[in-house]
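Have a look at the structure below before the remarks.
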Amino acid sequence: MSVEKHATVWFVIRYFHPFVGGLEKNTLNLAAALVRRGHRIIVVTSRFSKSWPRQDSLLGVPVVRLASPDIKFAGACIFLMALALYLWRQRKRSGLLHAFQVGYTSGWTILLGRMLGKPTVLTLASSGSGGDIQRHVRTVWGRAFLRLCRRALRVVILNQTMIQELKGIGYEDSGIALVGNGVDMLVYKKAEDRARIRAQLGFAAYEKLILYVGRLSPEKGVDFLIRSCAHMNISGQTKLLIVGDGPEKVKLQELARIAGLESKICWCGSVEDVVDYLQAADVFVMPSQFEGQSNAILEAMACELPVIASDVVGNNELVSHGDNGLLVPYGDEGALAAAICSMLGDRQQARELAARAHACVLERHNLQDVIERYEALYDSLQTRREQPV
């Protein structure tokens, strides 16, 4: 079976735009880049609201949304049945199925791929205690999903830790492909006129801006960041910009009020294009509990914005302490506060770290190189064809 540019690659993902998170963003960027290279990509996802179009196009990528009523168990079952029917109707078209993140959707997709004789690829989303593997081995249903996902012909991992996690559930090395996330270096780059960008966003040239970009959910550690800022005795010229939204927002705003930081934090909400914020800020902080490979960190590094991250799996494979950024133990508020003050106070150090970070992304995470690795991965499956069971 030839997985060539004229063949279809179905990206199957449970949550997708208008949901916006790191996985959703990276999946869309990957699909769009492949489309620009002449590939036929179709994203298949859920239609949680009747107001969402059944068929859509995002960045030139066709999106098919299948019925998925917002009812916990029943909605999931309806979606899985709709997915089976959709792929059955598409069975005569050549191509492969590419699922994202371990779960019932990816497990079902891989099973359908075997039934329909189509090669399957699974991309893991995160590692560590809350990642794809460790989170699912704790439950009976999770272990069932993992058994199904082990049937994928290739599993794409984002960091070295994922290799050991996969080996722990019996997945063989021959099926593992290390392909990191990629950044479009033509978009994410150092600002040419930083003062103008700041003025457009409503910030003065003299203000010191600390930036977080990401979902407001417990694993992202934004509460850790806010408590750390409370240790800093922030002056009137320093602000914390929180770009993103999520279920923890109200709780985090209350925490900020208790910490006396209400006037120091700008809640920017979800932003479709974060480049301006990355180019305007003085330091970027990713305080998460675990990661796969943070797009936000990569984008900050590409913009030559100095980065501070929690020293956890995923982050510490991107950030090398003292070389291209700073790492702090997760939960150590004093250490994070000190690191932020160091970055804001020693601009020479910050510039040197940021320059090396940019070089690192250019060498290892340039989107064009990542796309070529995916093309090679898809091409490697052209001689592999699963027979219907």
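Quick note: the coordinates plus some simple rules give every number you see, no bench work behind them. Values in this document were obtained by computation on a predicted structure and should not be read as measured data. FYI the Cβ positions are ideal-geometry reconstructions off the backbone, even for glycines, and counts take in every protein chain you see.
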### Message
Under 10 Å, Cα contacts only: if you run a Gaussian network model on the chain, which one of 331, 170, 130 comes out with the highest mean-square fluctuation?
### Response
170
### Task
At 37 °C and 0.692 mPa s, grab the translational diffusion coefficient of region 123-241 from Stokes-Einstein with a Kirkwood Rh over Cα pairs, rounded to a whole number in µm² per second.
180
### Query
Within the chain, what's the longest stretch lacking GluC sites (Glu not before Pro) that sit in DSSP loops with no more than 11 other Cβ atoms inside 10 Å?
1-171
#### Entry: Rg(Cα)/(2.2 N^0.38 Å) for region 151-220, N = residue count
1.82
### Summary
If one compares the long axis through the Cα atoms of helix 249-258 with the longest principal axis of the Cα atoms of the chain, the angle in degrees, nearest 10, works out at 20
### Task
Any chance you could give the angle, 0 to 90 degrees and rounded to 10, that helix 72-89 forms with the longest Cα principal axis of the chain?
50
### Query
Dividing the convex hull volume of the alpha carbon atoms of the chain by its residue count, what do you get in Å³ per residue?
141
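Report the net charge of residues surrounding residue 331, where surrounding means a beta-carbon distance below 12 angstrom and charges are Lys +1, Arg +1, Asp -1, Glu -1. Mind showing how you got there, number by number?
Values: positive: 227; negative: 223, 311, 332, 333.
Here the count lands on -3.
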## Note on the structure
Most fluctuating of 218, 18, 69 in the GNM of the chain (C-alpha, under 10 Å) is 18
#### Entry: Whole-angstrom Cα spans of region 194-364 along principal axes, big to small
42, 36, 30
### Task
Enter the Cα centre distance for the pair region 239-270 and region 111-131, rounded to the nearest angstrom.
36
### 5 Å-binned pair-distance histogram of region 228-288 (Cα, whole percent)
4, 15, 27, 28, 19, 8, 0
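What ranking of 97, 255 emerges when the number of other C-beta atoms within 10 Å of each C-beta is taken as an exposure proxy, fewest first?
Working: 97 26, 255 17.
So the residues, fewest neighbours to most, are 255, 97.
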### Query
Does anyone have the angle between helix 347-364 and the longest principal axis of the chain? Alpha-carbon axes, 0 to 90°, nearest 10?
10
### Message
Only Cα pairs within less than 10 Å get springs; with that Gaussian network setup on the chain, which residue of 113, 314, 168 has the largest fluctuation?
### Response
168
#### Entry: Proximal lysines relative to residue 239, as straight alpha-carbon distance under 18 Å, when same-chain residues fewer than 8 apart are discounted
208, 249, 264
### Summary
Most exposed first, judged by fewest Cβ atoms within 10 angstrom, 264, 190 run 190, 264
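Show that you can apply the helix-only estimate: for the chain, add -39,500 (n - 2.57) for every DSSP H stretch of four or more residues, divide by all residues, and state [θ] at 222 nm to the nearest 500.
Working: 14 runs with 155 residues, N = 389.
-12000 deg cm²/dmol, from helical runs alone.
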